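A quick write-up on the structure given underneath.
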Amino acid sequence: MPIRPADLDRIRALPLFMGASPAVFRDATAGAFLQRFPAGTTLLMEGDPVDFLYVLLSGSVELQGSWKEKESTLAVLRPVSTFILAAVMLEAQALMSARTLEPSQILMLSGEALRRTARQDADFGFAVIQELAGCYRGVVRTVKAQKLRGGVERLANYLLAQCARQQNEARIILPHEKRVLASLLGMTPENLSRAFAQLSDYGVHVRGAQISFERPRALKRLARPSALIDNHAPAALHPAGKAASETWSTDTEEEGGGAQPPKAARFGVSPKFP
């Protein structure tokens, strides 16, 4: 579907284009189009050639990897998120599959136009670097959590991150089904159920998708969140892109601090404390 003027304004506010001149914005979005997909739509398969950069504007997208008969959820994206930017810039095959978890609105940008514009305009090229750097740091956080923490600790920190994003320490709503959550955390559904049962000793109560916290301090003592692994940036910061959310530092309880946003303003963000 063609891009409407109102949608152009939304795209213009994305971190990739926030500092672009009108001419650069026109060049980078040449051939772009906006598409609405129903839930369960496969957007691309791992191994596919990549012709477009995807920008999730509404809905949610699951990124998956597979080996033989096994599949695993690598990430669940919420707006506003780019995905497969690295494959676009390298003109490489996709390393993961992507499918919508709910009705989603996705902007598709020509890979050729993006590469050409990044070569020609240093500011736009640097915006691409910042987005890639934010994505890379997110991968490092995920790998550290998987290798250094047990399943119960990973679940506890995931719940704390959701508290920060939803700005509610008393209760949250799980943003996706438990099957997806288990795969995202590197667990089987059975192990996820056992982990939730163990967290009941720390005041965590489960009723369907609603999770309530009777003793949040006890949960934090168990989880021991670390700014060098966890990203507890509030949801209001995530539309500013990966780079801005990655510069948001979260001090651990032992350090005696709250959320500190020292660098977010560099990316056009006016941070507000939850």
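Quick one: Karplus J couplings for segment 12-26, per residue in order, coefficients 6.51, -1.76, 1.60, θ = phi - 60°, nearest Hz, x for Gly and Pro?
Karplus values, whole Hz, x for Gly and Pro: 4, 7, 5, x, 4, 10, 4, x, 7, 6, x, 5, 5, 4, 5.
Order the following by accessible area, largest value first: Phe17, Phe213, Phe33. Probe radius 1.4 Å; ligands, DNA and RNA are ignored.
Working: Phe17 0, Phe213 20, Phe33 60 Å².
Ranked from most to least accessible, the order is Phe33, Phe213, Phe17.
Modelled label-to-label distance, Ser72 and Lys147, 7 Å Cα→beta-carbon offset: nm?
1.3
So if R0 is 45 Å, what FRET efficiency would Glu214 and Met108 give, r being the distance between their Cβ atoms, rounded to the nearest 0.05? Write out the running numbers ahead of the final one.
Values: r = 45 Å, r/R0 = 1.00.
It comes to 0.50.
Let me cross-check Glu169: its accessible surface, 1.4 Å probe, with only protein heavy atoms counted, in Å² to the nearest 10?
Using a 1.4 Å probe on the heavy atoms, I get roughly 110 Å².
Tell me, what ³J(HN,Hα) does each residue in segment 59-67 have, in order and in whole Hz, if you take phi through Karplus 6.51 cos²θ - 1.76 cosθ + 1.60 with θ = phi - 60° and put x for Gly and Pro?
Once θ is set to phi - 60°, the couplings for segment 59-67 become x, 8, 9, 9, 9, 10, x, 9, 8 Hz.
Provide the per residue accessible area, probe 1.4 Å, for segment 19-84, rounded to a whole number of square angstrom. If you can, show how the numbers build up before the last one.
On the way: 3250 Å² over 66 residues.
Each residue of segment 19-84 exposes 49 Å² on average to a 1.4 Å probe.
Relative contact order, percent, of the chain when contacts are C-alpha pairs under 8 Å separated by at least 6 residues?
Details: 491 pairs, mean separation 49.4, N = 274.
Here the relative contact order equals 18 percent.
Is it possible to state the helix-based mean residue ellipticity at 222 nm for the chain, with each DSSP H run of 4+ residues giving -39500 (n - 2.57), the sum divided by total residues, to the nearest 500 deg cm²/dmol? What is it? Please list the in-between numbers first.
Values: 10 runs with 105 residues, N = 274.
Counting only the DSSP helices, I get -11500 deg cm²/dmol.
May I ask for the angle, rounded to the nearest 10°, between helix 111-120 and the longest principal axis of the chain, with both axes built from Cα atoms and the value confined to 0 to 90°?
80
HN-Hα J couplings of segment 101-106 from phi, Karplus 6.51/-1.76/1.60, θ = phi - 60°, integer Hz, Gly and Pro as x?
For segment 101-106, the Karplus-derived couplings read 8, 8, x, 9, 10, 10 Hz, x marking Gly and Pro.
Using only protein heavy atoms and a 1.4 Å probe, report how much of Met18 is accessible, in Å² to the nearest 10.
Counting only protein heavy atoms, the figure is 80 Å².
Putting +1 on Lys and Arg Cβ atoms and -1 on Asp and Glu Cβ atoms, find which of Leu43, Val55, Leu74 reaches farthest to the positive end of the dipole of segment 1-74.
Val55
What accessible surface, in Å², does a 1.4 Å probe find on Cys163, ignoring ligands, DNA and RNA and rounding to the nearest 10?
10
Give the carbon-plus-sulfur fraction of the accessible surface of the chain in %, rounded to a whole number; probe 1.4 Å, heavy atoms of protein chains only. The partial results should precede the final answer.
Values: 7780 of 14180 Å².
Roughly 55 percent of what the probe reaches on the chain is carbon or sulfur.
Sorted by accessible area (1.4 Å probe), largest first, how do Asp7, Asp201 line up?
The ordering from most to least exposed comes out as Asp201, Asp7.
Check Phe33: other-chain or 5+ apart residues with amide H under 5 Å from its amide H, H built from backbone geometry?
Correct list: Met108.
Taking only Cα atoms, what is the 0 to 90° angle, nearest 10, from helix 122-148's long axis to the longest principal axis of the chain?
20
If packing is taken as the mean number of other Cβ atoms within 10 Å per residue, what is the order of 225-232, 71-78, 52-59, highest first? Numbers along the way, then the final one.
Working: 225-232: 18.4, 71-78: 16.8, 52-59: 20.9.
Most protected by this proxy first, the peptides run 52-59, 225-232, 71-78.
To the nearest 20 Debye, how big is the dipole of segment 150-223 about its Cα centre, given +1 on the beta carbon of each Lys and Arg and -1 on that of each Asp and Glu?
Working: 11 positive and 6 negative charges, 25 e Å.
With Lys and Arg at +1 and Asp and Glu at -1, about 120 debye.
Can you sort Lys144, Lys70 by 1.4 Å-probe accessible area, starting with the largest? Don't jump to the answer; show the numbers that get you there.
Details: Lys144 65, Lys70 150 Å².
Descending accessible area places them as Lys70, Lys144.
May I ask you to compute the full-extension gain from Gln198 to Ala170, defined as 0.36 nm times their residue separation minus their alpha-carbon distance, rounded to one decimal in nm? Kindly include the intermediate steps, with their values, before the conclusion.
Numbers: separation 28, 0.36 × 28 = 10.08 nm, distance 1.85 nm.
Between Gln198 and Ala170, full extension yields an extra 8.2 nm.
The values are calculated or read from the model by the stated rules, or taken from the named source; none is laboratory data. Just so it is clear, the structure is predicted and the values come from calculations on it, not from any experiment. Note that we place each Cβ from the backbone using ideal geometry, even for glycine, and neighbour counts take in every protein chain shown. Accessible surface areas use protein heavy atoms only, side chains included; no ligands, DNA or RNA. Shrake-Rupley method; radii C 1.70, N 1.55, O 1.52, S 1.80 Å.
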